[in-house]
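Enquirer: I'd like to ask you about the structure that follows.
Read the figures in this text as sums done on the coordinates, not as results from a lab. Because the structure is a prediction, the values reported are computed rather than measured. Every residue, glycine among them, receives a Cβ derived from its backbone with ideal geometry; neighbour counts consider all protein chains shown.
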Amino acid sequence: METGEQIGLFKEFFEQQYSLDLAEIQRLGKRRMSVDFGAIATHSVELAEMLMDQPEEVIKAAELAIQEVLGLDEPVVAVRLINVPYTQKYMVRSVRAEHIGRLIYLEGIIRQKSDVRPQMTLARFECPACGNVTSIPQTDTTLKAPGRCSCGYKGTFRQVSKELVDAQSIVLEESPDELEGGEQPKRINLFLRSDLVSPLSEKRTNPGSRIGVVGILKESPQMTKAGQKSTRYDIFFDVNNIIPKDETFEDVKITDEEEETFRELAADPHLWDRLVASLAPSIYGHEKVKLALLLQMFSGVRKRREGGVVIRGDIHVLLVGDPGAGKSQLLRRVAAVAPKARYVAGKGASGAGLTAAVVKDEFIRGWALEAGALVLANEGMCMIDELDKMSTEDRDAMHEALEQQTVSIAKANIQATLRAETTVLAAANPKYGRFVITESLPGQVDLIPSLLSRFDLLFAIKDLPDPGRDAEMAGFILNMHRTTKHESPDIPTPVLKKYIAFARRFQPKLTEAAFNEIKDYYVSMRSKGLEGETKSVPITPRQLEALVRLSEAAAKARFSDLVEQQDAKIATDLVQYYLNEFGRDSSTGVVDIDRIMTGTPASQRNKLLIVRDIIRNLLSRSGEKEVLVTDIYMEAQEKNLGEQEIDDLLVQLERKGDIWKPSKNKVSTM
């Protein structure tokens, strides 16, 4: 088919099926138009086949057809193809020499990208003999000049002008979920031009984004050390269109009919029962945990104060439970419902893998910044399984990302602060492998208090024998194994995902009733710490902020612009549940947040101070530099402290550096 025939067919095709798009392009001055490959195939099978085999020529013909239809002086509207047939989809590792020059489709994750720089698309050369100007399109990586002029001149031509477009290089890597065991992901260089590197398009090509690309596979010769062209070639991908595969909650498309259905569901008095039952129907029980995970997905409201102070709206949740209690399944289930989610686990996640790393890169000839999971999941969710299996250094890297929601890095010649507005759902096992009933709960979690305090909610998922509950769970699990059919949830997963996405668009504000509910709960909890001999701190302002976030999330679930008292009650019930589990001091029976925040409850801290004062009093009375442990036992009897308890407290004081033991039976202060 000649070029003229192609242009004629495309003119007919655009006038019949894309008249509205063409009118909008002419009215708004757009420089691109998305064209459905399937529509082209329906209009002309021969044209579609040529588009796959000779894409560069056919796409140029389509752009010339748009120029003629709109009456433009030059082809300035780029044709961007969508819905390329599945037969044209390849993995990066499957690309071969036979695919060069053909239209293909690739999918993967962006690993690196260069800065946007101008690239020459057309150069004009003047003949020094006759003055004739020749235009040469620049499609290769090296400048092409005319070989000879029509007047017969064969020498050097003078370049008089050039046309430039913005261009960018990107490295695309295969998605790990498409690989088989033991395979290393392969990479390919992508080249983007014109509107594909506009500020709006650039957001879609940040490192870590999952994309599909339509384009033409091309080759460029390698150079030998002597500066000559080698017989071996490098391949690169000239991109025609980018199709984002990742989406945030804001990107989910919702129709008017769906919105009406969602509003009916939001008005249902049994809304929370239905949502909880639909989140993870294959996991028995754990209603409180499922409710918390739903609130986590609805999220609180992110607030930006004057002066640049930002208060996070994301709700972080930590699940600590016995092996086989269903923690990982809950994480996987939430990852399936959340539109943009990353899942990492245990020893496979390093500090650099979670936050960011600086790597030596040959492609951009220098140091490159590679984003970690918390940065890649920006405006989404990150599931961290087996948190306790990570090294202490790697867990320390999470502190800034959890509270400030940024990742700062200063390595090599790179100093950067990356956004990590990510909701974190983590899971861990008790450090003894299973919960010990006689031990206090915080002492069984192998996580530092400063990291624990950054989670808004902590849940203990215990696997304790209970004949009635065990019978119900056994029946539930065995029924799932007996039949391949599974009971569909009340709200299907696609509907639940869209419901949450729509709810997150609301920005509810506290009403006076909700304000007083949270305030009264906070004040009453604080006053309980003043009761009795031991002065404890049951709750801190950090939990107060968590209460506000949870209340806002509950209001969003109802599609409300106001946080009512009922929303605040849901939040206070959840926080009270978690404080009873993790914050209750077993020796006094009161809630003490210091068990989580510092690892040392108020009752234990008071006893440490008593023993330290006893040692100091004995030293001052005797005038000696050392005191016998037996004397400490005698003095401590009046304070109702036993010998074994004194020994444990002396060990703790020695670890803190308050005392030291010159011998087994003697103690001295530092």
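Enquirer: In sequence order, what are the phi-derived ³J(HN,Hα) couplings for the range 279-286 according to the Karplus relation 6.51 cos²θ - 1.76 cosθ + 1.60 with θ = phi - 60°, rounded to whole Hz, with x for glycine and proline?
Expert: Values per residue, Gly and Pro as x: 5, 9, x, 7, 10, 6, x, 6 Hz.
Enquirer: Would you pull out the residues with amide H under 5 Å of residue 80's amide H, same chain only if 5 or more places away, H placed 1.01 Å from N?
Expert: Amide H to amide H, under 5 Å and 5 or more residues apart or across chains, residue 80 pairs with 33, 34, 35.
Enquirer: Quote the FRET efficiency, to the nearest 0.05, computed for residue 31 versus residue 416 with a Förster distance R0 of 41 Å and r equal to the Cβ-Cβ distance.
Expert: Working: r = 32 Å, r/R0 = 0.78.
Taking R0 as 41 Å, the efficiency between residue 31 and residue 416 is 0.80.
Enquirer: Quick one: 499, 577, fewest Cβ neighbours within 10 Å first, how do they rank? Can you show the working numbers first?
Expert: On the way: 499 25, 577 16.
The fewest-first ordering by Cβ neighbours comes to 577, 499.
Enquirer: Under a point-charge model restricted to the Cβ atoms of Lys and Arg (+1) and Asp and Glu (-1), what is the dipole moment magnitude of the range 89-246 relative to its Cα centre, in debye to the nearest 20?
Expert: I would put it at about 660 debye.
Enquirer: Another one. I'd like the distance separating the alpha-carbon centroids of the range 506-520 and the range 13-73, in whole Å.
Expert: Answer, in whole Å: 55.
Enquirer: As an exercise, identify the trypsin sites (Lys or Arg not before Pro) in the range 263-314 lying in DSSP coil whose Cβ has no more than 10 other Cβ atoms within 10 Å.
Expert: Working: sites: 263, 274, 288, 290, 302, 303, 304, 305, 312; in loops: 302, 305, 312.
Qualifying residues, ordered by number: 305.
Enquirer: Further, regarding this structure: Sort 660, 272 so the one with the fewest other Cβ atoms within 10 Å of its own Cβ comes first. Mind dumping the intermediate values first?
Expert: Values: 660 13, 272 18.
Final ranking by Cβ density, sparse to dense: 660, 272.
Enquirer: Let me ask another. Give me log10 I(q)/I(0) at q = 0.14, 0.21, 0.29 Å⁻¹ for the range 602-669, Debye formula, one equal scatterer per alpha-carbon, no solvent.
Expert: -0.35, -0.82, -1.61
Enquirer: Could you check the simple spin-label distance between residue 507 and residue 120, using points 7 Å along Cα→Cβ, in nm with one decimal?
Expert: My value for the distance between the label points is 4.9 nm.
Enquirer: Which whole-Hz ³J(HN,Hα) couplings does the range 100-113 yield from phi under the Karplus relation 6.51 cos²θ - 1.76 cosθ + 1.60, θ = phi - 60°, glycine and proline marked x?
Expert: 3J(HN,Hα) across the range 100-113, in whole Hz: 5, x, 9, 7, 9, 10, 10, 10, x, 10, 6, 9, 9, 8.
Enquirer: Which Cα, out of 97, 116, 221, lies furthest along the positive dipole direction of the range 89-246 (beta carbon charges, K/R +1, D/E -1)?
Expert: Comparing the listed Cα positions along the dipole, 221 ranks first.
Enquirer: Here is the link list: 245/327; 245/303; 60/245; 60/162; 253/327; 144/225. Which ones come out longer than 24 Å on Cα distance?
Expert: Working: 245/327 27 Å; 245/303 29 Å; 60/245 27 Å; 60/162 20 Å; 253/327 31 Å; 144/225 22 Å.
Checking Cα-Cα distances, 245/327; 245/303; 60/245; 253/327 exceed 24 Å.
Enquirer: Also, quick follow-up: Rank these for me by crowding, 270, 286, going from fewest to most other beta carbons within 10 Å. Before the final figure, lay out the partial values.
Expert: Details: 270 9, 286 21.
Ascending number of Cβ neighbours within 10 Å: 270, 286.
Enquirer: Using the crude model of +1 on Lys and Arg Cβ and -1 on Asp and Glu Cβ, and no other charge, please compute the dipole size for the range 115-177 relative to its Cα centre, in debye to 20. Before the final figure, lay out the partial values.
Expert: On the way: 7 positive and 8 negative charges, 164 e Å.
With Lys and Arg at +1 and Asp and Glu at -1, about 780 debye.
Enquirer: Relative contact order, percent, of the range 3-83 when contacts are C-alpha pairs under 8 Å separated by at least 6 residues? Please list the in-between numbers first.
Expert: Numbers: 86 pairs, mean separation 34.0, N = 81.
Contact order relative to length: 42 percent.
Enquirer: Would you grab the residues whose amide H sits under 5 Å from the one on residue 563? Only those 5+ places off in sequence or on another chain, please, with H modelled 1.01 Å from N.
Expert: Placed amide hydrogens put 509, 510, 511 under 5 Å from residue 563.
Enquirer: Roughly speaking, what is the stretch gain from residue 490 to residue 304, that is 0.36 nm per residue apart minus the C-alpha to C-alpha distance, in nm to one decimal? It would help to have the intermediate numbers written out before the result.
Expert: Values: separation 186, 0.36 × 186 = 66.96 nm, distance 3.74 nm.
The residue 490-residue 304 span can extend by a further 63.2 nm.
Enquirer: Rounded to the nearest 20 debye, what is the charge dipole size of the range 257-336 about its Cα centre when +1 sits on each Lys and Arg Cβ and -1 on each Asp and Glu Cβ?
Expert: Values: 12 positive and 11 negative charges, 121 e Å.
That gives a dipole near 580 debye.
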